[in-house]
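The values are calculated or read from the model by the stated rules, or taken from the named source; none is laboratory data. For clarity, every value in this text was computed on a predicted model and none was experimentally measured. Note that each Cβ is placed from the backbone with ideal geometry, even for glycine, and that neighbours are counted across all protein chains shown.
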There are 2 protein chains.
Amino acid sequence: MTAPHDDPIVVVRPLLPAWQTLGPALGEVIESQVLTNDGPRVRRLEALLSAGIGRADVAVTGSGTVAIQLACAALGLRGEVIVPAAAFPAVAQAVLRAGATPVAVDIEDTYLTADPDAVAAAVTSRTCAILPVHTFGCPADVTALQAVAASAGVPLVCDAAPGWGVYYQGRPLLSYGDVATLSLHATKLTHAIEGGAVVGNTREVAAAVRRLRNFGTGPGGALSAGTNGRMSELHAAVGAAVLAEAPAEITRRRAVRALYRQALAGIDWLRLCAFRPGAGPNVAALAVRLAPDAPVDAERLCDALQPRGIHARAYFGGRYRIARLAAAGPAPRADEAARRIVCLPFWGGLRESQIARIADTLRMIARTPALAG
Amino acid sequence: MTAPHDDPIVVVRPLLPAWQTLGPALGEVIESQVLTNDGPRVRRLEALLSAGIGRADVAVTGSGTVAIQLACAALGLRGEVIVPAAAFPAVAQAVLRAGATPVAVDIEDTYLTADPDAVAAAVTSRTCAILPVHTFGCPADVTALQAVAASAGVPLVCDAAPGWGVYYQGRPLLSYGDVATLSLHATKLTHAIEGGAVVGNTREVAAAVRRLRNFGTGPGGALSAGTNGRMSELHAAVGAAVLAEAPAEITRRRAVRALYRQALAGIDWLRLCAFRPGAGPNVAALAVRLAPDAPVDAERLCDALQPRGIHARAYFGGRYRIARLAAAGPAPRADEAARRIVCLPFWGGLRESQIARIADTLRMIARTPALAG
């Protein structure tokens, strides 16, 4: 047993304006007495996101999970939704909550995103949508996937949870897919503490999402797919303030990634995950891939780092994997990702000395047979 | 057409401490950088609620809707859940999101809560729970309903959404039912802007709800019923501050109800809804029942009040009623409630002059054939 470290390096520190900036913004919300239920700050955040993505049809939600759920509900999905086998559990859970059935397919080995060939092979008469994930901000192969979706006659719904600020082939990543979803959770580069958004790219879904997030109430009665999917005005005010600081955070994160690249260069049993050519900046996460002959697997590495004051996450296996998820077939590359992919601490304020400590600790773990065991 | 009134009386103003109190509490959250994900303020709010209800097993959630959803999931409900036909749509929607099937039964005419005889008649081999609602804070007939539930061998899950502060037969209303749920939405006497809670009375559910609200992640993998059901630390800090002011608000609301009773006494086509004997205080809402020969029905009354600067709600019909909800049979008393029950503006700060204006406007509407239609 090692005692908890007295100076832990967490996985991510949320981007936050100083209280001098944020305090007055929150004070205004409280003084206004308009605290939630589609208020002016939610509408302003929608306008800001809309301007950043270059799409008019944007509705914010209480979380990125509810964004996926209400995107599915707005599209009236009933049947099978093809999802990647390696994804945060929220994706499949949200599809289930929307009343559809997630069916998992394997991922591309290099970019960890839904494999278009596996998706095409999984299409059946019951398929009602294809839902790839831009894993750690790396674009799924949207060109190939859009072709598969068109051929199947179903919408492409892209979960771009950590995709704010990423461009692909000259366009915001969130502008890809018939519909895209965003997370604004505190762990994301841009956040509203808790929050999300749905973007209608080729389909108009924002009006439907606005109705559904407010219990689906409206003319003709309440829709059974409705829920409380709202963002509060307090969270929306934080969201707008954080959004303004995103460009500076992106610059800082690019520098942190460069420091990591240097610091990890001498460790031959792991490397930074690849990012799809034509996409950038790569600032959502610091994902590394362990070599097949690495001294530890992903979960053991996280377990060994934790008591040494370094928080890391293996998001594709263990506690994060939904045990009984319907699968179109075996997913050996997703299984491999569960064993080999780790997210190391990553945020703009990470110092060079902390990155050096992370690299030193990784080397130490590899040298310690009882840890690597 | 009447122009929007320049001094509208809204349905409810949220209870809020002054910014001098609330500002520092929110500033502490921001400075701590712990913004969400089961932080210390969520745990503190759980302890405060627990102390108020006198039950150890309490888990807060992101909304009252998700509280019902995760209560159902924590109990593993699969099958039919008996719900009242007159209820806010969130109730049936949450049951559906949990993967069970709501089946509506009629209500008691006097107290607007699930009729125990109708519930007993609706029990089938598929019934997995009975879910009454303490409508506007008025207790359902929990003694009779608990007997029906025991006889059917299923849990009684009481939605006490607006039930904070209400006692029944000497005990907090939230302590009734095998499990109870609470809303902490801004429209409730006690709120966290958005929020809710699940209370385990005879079953321990809080640990399961805590896991489910965080995507169901944990040993053995993620549970498919998991979701993002969290309350943020910012909302939890508001919740604790508001809770401290609830006793004073209850005192104010009792006085406002007494003023309403006087002001409405001369209007013979409506009366205050009854409250179950042995329960009190009656401070969640100001519900009135229109007489069968009233000059307007509930929806027309709301429509006539709105342009005159008075916001009222007919929660059981129109835009709030789920069109295709499975029903155990006809529900004539719920249909009648949809036509006859209206919630008038109600909060502790409502002034006598505003109540007089509401009464005057009600009289004027009755005298105006074009409005009364």
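Just a few scattered comments:
- Checked against the criterion of being closer than 24 Å to B:ASP38 by Cβ, buried (at least 24 other Cβ atoms within 10 Å of the Cβ) and modelled with pLDDT of 95 or more, the candidates A:ALA186, A:ALA180, A:ALA160 yield just one match: A:ALA186.
- Enumeration of residues in the range A:321-373 that are under 17 Å from A:ALA291 (Cα atoms) and among the small types (Gly, Ala, Ser): A:ALA334, A:ALA337, A:ALA338, A:ALA359, A:ALA366, A:ALA372, A:GLY373
Per-residue answers, yes or no, for (1) part of a helix (DSSP H, G or I); (2) of a type in the set (Ser, Thr, Tyr); (3) touching a residue at least 24 places away in the same chain (Cβ under 8 Å); (4) under 24 Å from B:GLU108 (Cβ atoms):
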residue	(1), (2), (3), (4)
B:ARG254	yes, no, yes, no
B:ALA274	no, no, yes, yes
B:PRO277	no, no, no, yes
B:ALA284	no, no, yes, yes
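- Applying the set (1) outside the structural domain of B:ILE355 (by TED's automatic domain parsing); (2) aromatic (Phe, Trp, Tyr); (3) under 23 Å from the mean Cα position of the chain (by Cα) to B:PHE215 leaves exactly one unmet item: (3).
- Meets criteria (more than 30 Å from B:GLY170 (Cα to Cα), more than 17 Å from the chain's Cα centre (by Cα), surrounded by 19 or more Cβ atoms within 10 Å (Cβ to Cβ) and touching a residue at least 24 places away in the same chain (Cβ under 8 Å)) for B:ALA25: no
- Scan of the range A:125-168 for residues that are over 21 Å from the mean Cα position of the chain (by Cα), within 19 Å of A:CYS72 (Cα to Cα) and in contact (Cβ under 8 Å) with a residue 24 or more places away in the chain, ordered by number: A:ARG126, A:THR127, A:CYS128, A:VAL148, A:ALA149, A:ALA152, A:VAL154
- Selection from the range A:172-192 of residues that are away from chain B (no Cβ under 14 Å), assigned to a strand (DSSP E or B) and in contact with a strand residue (DSSP E or B) (Cβ under 7 Å, 6 or more places away or on another chain): A:VAL179, A:ALA180
- Residues being in contact with a Phe, Trp or Tyr (Cβ under 8 Å, 6 or more places away or on another chain) and among the hydroxyl-bearing types (Ser, Thr, Tyr) - total across the range A:1-50: 0
- Restricting the range B:208-235 to residues that are more than 19 Å from B:ALA51 (Cβ to Cβ) and of a type in the set (A, V, I, L, M), the residue that is surrounded by the fewest Cβ atoms within 10 Å (Cβ to Cβ) is B:LEU223.
- Entirely in the range A:58-123, the helices (runs of 4 or more DSSP H) that have 1 or more residues that are touching a Lys or Arg at 6+ places or on another chain (Cβ under 8 Å) and at pLDDT below 95: none
- Among residues of the range A:193-224, those that are over 30 Å from A:GLY349 (Cβ atoms) and either charged (D, E, K, R) or within 14 Å of another protein chain (Cβ to nearest Cβ) (or both), counted: 17
- Test: residue in the range B:88-106 that is out of contact with any Ser or Thr (no Cβ under 7 Å at 6 or more places or on another chain), over 26 Å from B:LEU212 (Cα atoms) and of a type in the set (D, E, K, R): yes
- Residue count for the range B:28-54, restricted to those that are surrounded by fewer than 16 Cβ atoms within 10 Å (Cβ to Cβ) and of a type in the set (Gly, Ala, Ser): 4
- Verdict on A:ALA265 being of a type in the set (A, V, I, L, M, F, W, C), in contact (Cβ under 8 Å) with a residue 40 or more places away in the chain and either more than 14 Å from chain B (Cβ to nearest Cβ) or under 30 Å from A:ARG171 (Cα atoms) (or both): no
- Considering only residues in the range B:261-280 that are touching a Phe, Trp or Tyr at 6+ places or on another chain (Cβ under 8 Å) and surrounded by 12 or more Cβ atoms within 10 Å (Cβ to Cβ), the one that is farthest from B:TRP164 (Cα to Cα) turns out to be B:LEU272.
- Across the range B:315-373, the number of residues qualifying as under 13 Å from B:ILE9 (Cα atoms), crowded, with 21+ Cβ neighbours inside 10 Å and in contact with a strand residue (DSSP E or B) (Cβ under 7 Å, 6 or more places away or on another chain) comes to 5.
- As a summary of the residue check, B:ALA18 satisfies the conditions (1) over 20 Å from B:HIS134 (Cα atoms); (2) touching a residue at least 60 places away in the same chain (Cβ under 8 Å) except for the one numbered (2).
- All positions within the range A:318-346 that are out of contact with any Asp or Glu (no Cβ under 8 Å at 6 or more places or on another chain), within 11 Å of another protein chain (Cβ to nearest Cβ) and farther than 18 Å from A:VAL83 by Cβ: A:ARG319
- Any hit, the range A:55-62, residues being farther than 21 Å from B:SER63 by Cα, among the acidic types (Asp, Glu) and crowded, with 16+ Cβ neighbours inside 10 Å: yes
Residues checked against (1) part of a loop (DSSP other than H, G, I, E, B); (2) at pLDDT below 95:
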| position | (1), (2) |
| --- | --- |
| B:GLN306 | no, no |
| B:PHE316 | yes, no |
| B:LEU325 | yes, yes |
| B:PRO330 | yes, no |
| B:ALA338 | no, no |
| B:GLN354 | no, no |
| B:ILE358 | no, no |
| B:ALA370 | no, yes |
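- Scanning the range B:142-172 for residues that are under 25 Å from B:GLY196 (Cβ atoms) and of a type in the set (S, T, N, Q) turns up B:GLN146, B:GLN169.
Yes/no matrix, rows are residues, columns are (1) within 14 Å of chain B (Cβ to nearest Cβ); (2) of a type in the set (S, T, N, Q); (3) under 18 Å from A:LEU350 (Cα atoms):
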site: A:THR227; (1), (2), (3): yes, yes, no
site: A:ALA236; (1), (2), (3): yes, no, no
site: A:GLU245; (1), (2), (3): yes, no, yes
site: A:ARG257; (1), (2), (3): no, no, yes
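- One residue stands out in the range A:1-22 among those that are more than 28 Å from the chain's Cα centre (by Cα) and polar (S, T, N, Q): the one that is surrounded by the fewest Cβ atoms within 10 Å (Cβ to Cβ), namely A:GLN20.
- Test: residue in the range B:195-202 that is outside any loop (DSSP other than H, G, I, E, B) and farther than 30 Å from A:GLU194 by Cα: no
- Scanning the range A:86-101 for residues that are closer than 19 Å to B:GLY220 by Cβ and within 9 Å of chain B (Cβ to nearest Cβ), we see that the one that is surrounded by the most Cβ atoms within 10 Å (Cβ to Cβ) is A:ALA90.
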